[in-house]
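Just below is one structure, and these are the notes that go with it.
The values are calculated or read from the model by the stated rules, or taken from the named source; none is laboratory data. For clarity, every value in this text was computed on a predicted model and none was experimentally measured. Cβ placement follows ideal geometry from the backbone for every residue including glycine, while neighbour counts extend to all protein chains displayed. Keep in mind that these areas ignore ligands, DNA and RNA; they rest on the heavy atoms of the full protein, side chains included. Shrake-Rupley method; radii C 1.70, N 1.55, O 1.52, S 1.80 Å.
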Amino acid sequence: MSFIFNHNDTIAAIATPLGTGGVGVVRISGKKSLEIISKIFSTAINEHNPPDFNPNRIYHGWIFDTNILIDEVIVLYFKAPHSYTGEDIVEIQGHGGINIIKNILKLCLKSGAGMADKGEFSKRAFMNGKLDLSKAEAVLDLIHSKTDKFSHAAAKNLSGNLSSHINKLRQELLDLLSMVTAAIDFPEEVNEPEYYFIEKKLNYLIEEINRILKNANSSNLMRDGLKVAFAGKPNAGKSSLFNALLDMERSIVTEIPGTTRDIIQESIDIDGIPVTLIDTAGIREINSLNSASQIESIGINLTKNCIENADIVLFVYDLSQGLQNEDMEIFESIKHQKVLKIGTKVDLCCHPERSVPVGIKSLTAYWTDSSVSPQNDSKPLLVSAKEKIGLDLIKNEIKKLVITDDVSHGFCTNIRHQECLIKSKNALLNALNACKNEEIQDLIFIDMKSGLISLGEITGEVVSEEIINNIFENFCIGK
Ligand SMILES: Nc1nc2c(ncn2[C@@H]2O[C@H](COP(=O)(O)OP(=O)(O)OP(=O)(O)O)[C@@H](O)[C@H]2O)c(=O)[nH]1
Ligand SMILES: [Mg+2]
């Protein structure tokens, strides 16, 4: 790999969030780390007395700007190559105040460090071979993960779950390529591998790639989350259900139709997927022109937009009122989307465990009529926000609508990995085809080689500078 990358620069940045907290950390990485810390740190408060820094030791002392005392700190020194970046690293842990930490950083910059770019520490770790690209991406996932399940999957990747499997496949492909190349280069001495042998190997590699790709959908969902919006007429019970699912009183609930006007969003974790629940205004015709109606009308327009952009729509109607024309009109406008039908306030009808409530039978018949609902299993969920009935049912159905597998048993990938895997698989499929037709092995070689390159892009063995920059730009400064 050849990149313009100045290893001689020593960089510094604040590594902790800017705010008040227990500790604030400034990190320095590069050849001048020790020189810089020695200028500004002293173990004694009355004289400038920097210690002889030994690696992996912790030093207690004081940061000074010439004679002005800045903070009492501890300093950690990691000697190259045994550090996160593979360079000399010094970490200054001060008290967590915005001003203190900014002053320490300013001092480092004044003493010879350059300001680190976003993700520059991790980028250096990658360039120095301390971190492969998929592990660097795992660091990013770990930092941004919103659910436990995704944190675990990211931590597994950081420990090398994905990269070691990819490296194993690359090695197998490389071995196969070597056999083909040897026969191409030395036809007198080395026999070509048998076609059936290459075919068997390629089939195995394609199967393995498919196995990794199997979890692509849930990986993407865990990373990006789902937008789930409520839709229904005023007073249907949307906000009550929104609050019940969140288990907090987030939206205002009253018996006055048209209570919710703004779009209200909160996140919940449904089995590892970060789901943004979106409460909306009840949809109805607004004829009056008074100011309250104008506000409601704006809310309804926002609602329609929001529903249109949702991944799943929770269509809510009031069971005690039965399904009315207004409900059906709303349903007609959303039925092209992924919709969950929810009949709420079941407590007002009768307890669902005792018998089917009056009127529900005909509603069920309505929903199961395929001309009304394009989805097969389309019985409404019978729930109550008041009695907290059916809340798990809703969460389960949301999950069922989107999840096809469980990533905790497989590989967690991102879109970039998936594109590389698909490219690699297609190249191997071409090679397999050529093999079946017993085409000359020089041709098969070309496809196998391109399959190998695509696999190498995942871990960063072969990758463009643009991709690298793109990945590390998503990091924050100081990471
Ligand atoms: N008995 C009973 N009442 C409910 C239930 N859910 C909501 N309600 C009542 O129905 C009325 C309307 O509830 P909301 O949750 O505000 O309805 P909404 O769909 O958000 O209404 P808008 O914001 O006006 O669109 C309130 O008086 C609630 O107390 C339920 O499960 N059982
Ligand atoms: Mg509401």
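Kindly provide the set of residues from region 16-55 that are out of contact with any strand residue (DSSP E or B) (no Cβ under 7 Å at 6 or more places or on another chain), more than 21 Å from LEU69 (Cβ to Cβ) and among the basic types (Lys, Arg), ordered by number.
Listed by number, the residues that qualify are LYS31, LYS32.
Take SER293 and tell me if it is within 10 Å of ligand 2 (Cβ to nearest atom), outside the structural domain of GLN418 (by TED's automatic domain parsing) and not in a loop (DSSP other than H, G, I, E, B). So that I can check it myself, show each step before the final result.
Numbers: within 10 Å of ligand 2 (Cβ to nearest atom): no; outside the structural domain of GLN418 (by TED's automatic domain parsing): yes; not in a loop (DSSP other than H, G, I, E, B): yes.
No, not satisfied.
Residue under question is SER267, and the condition is that it be more than 15 Å from ligand 1 (Cβ to nearest atom), in the same structural domain as ILE295 (by TED's automatic domain parsing), among the small types (Gly, Ala, Ser) and surrounded by fewer than 22 Cβ atoms within 10 Å (Cβ to Cβ); does it hold? Step through it out loud before you land on a result.
Numbers: more than 15 Å from ligand 1 (Cβ to nearest atom): yes; in the same structural domain as ILE295 (by TED's automatic domain parsing): yes; among the small types (Gly, Ala, Ser): yes; surrounded by fewer than 22 Cβ atoms within 10 Å (Cβ to Cβ): yes.
Yes: the conditions hold for SER267.
Given the residues ALA244, ALA236, ALA229, which is the only one that is more than 11 Å from ligand 2 (Cβ to nearest atom) and farther than 15 Å from LEU302 by Cβ?
Values: ALA236 fails: more than 11 Å from ligand 2 (Cβ to nearest atom); ALA229 fails: farther than 15 Å from LEU302 by Cβ.
Going through ALA244, ALA236, ALA229 in turn, the sole match is ALA244.
Per-residue answers, yes or no, for (1) open to solvent by less than 10 Å² (accessible area, probe 1.4 Å); (2) touching a residue at least 40 places away in the same chain (Cβ under 8 Å); (3) within 31 Å of the chain's Cα centre (by Cα):
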residue: GLU194; (1), (2), (3): no, no, no
residue: ILE209; (1), (2), (3): yes, yes, yes
residue: LEU213; (1), (2), (3): no, yes, yes
residue: ASN217; (1), (2), (3): no, yes, yes
residue: ALA229; (1), (2), (3): yes, yes, yes
residue: SER239; (1), (2), (3): no, yes, yes
residue: VAL253; (1), (2), (3): no, no, no
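Give just the number: which of (1) at pLDDT 95 or above; (2) touching a helix residue (DSSP H, G or I) at 6+ places or on another chain (Cβ under 9 Å) does ASN309 not satisfy?
All conditions are met except number (2).
Working only within region 323-351, note down all residues that are under 33 Å from the mean Cα position of the chain (by Cα) and in a loop (DSSP other than H, G, I, E, B).
Hits for region 323-351 are LYS335, HIS336, GLN337, LYS338.
Among all residue pairs at least 6 apart or on different chains, which show Cβ distances below 8 Å where the first residue, located in region 406-431, is surrounded by fewer than 21 Cβ atoms within 10 Å (Cβ to Cβ) and the second is assigned to a helix (DSSP H, G or I) and of a type in the set (Lys, Arg)?
So the pair list comes out as SER408/LYS149; GLY410/ARG211.
Show me the helices (runs of 4 or more DSSP H) entirely contained within region 376-479 in which 2 or more residues are more than 26 Å from the chain's Cα centre (by Cα) and more than 30 Å from GLY322 (Cβ to Cβ).
On the way: elements: 391-402, 415-436, 441-459, 465-472.
Answer list for region 376-479: 415-436, 441-459.
Given the residues ILE330, ILE278, which is the only one that is touching a Cys at 6+ places or on another chain (Cβ under 7 Å) and buried (at least 20 other Cβ atoms within 10 Å of the Cβ)? First the steps, then the outcome.
Numbers: ILE330 fails: touching a Cys at 6+ places or on another chain (Cβ under 7 Å).
It is ILE278.
Can ALA231 be described as assigned by TED's automatic domain parsing to the domain that holds THR344, farther than 17 Å from ALA310 by Cα and not acidic (Asp, Glu)?
Numbers: assigned by TED's automatic domain parsing to the domain that holds THR344: yes; farther than 17 Å from ALA310 by Cα: no; not acidic (Asp, Glu): yes.
The answer is no for ALA231.
From the set of residues in region 233-262 that are part of a loop (DSSP other than H, G, I, E, B) and touching a Phe, Trp or Tyr at 6+ places or on another chain (Cβ under 6 Å), which is farthest from ligand 1 (Cβ to nearest atom)?
First pass over region 233-262, keeping only residues part of a loop (DSSP other than H, G, I, E, B): 233-237, 247-262.
Okay, now just the ones that are also touching a Phe, Trp or Tyr at 6+ places or on another chain (Cβ under 6 Å), so 236, 251.
Working: ALA236: 4, SER251: 7 Å.
Going through the qualifying residues, I end up with SER251.
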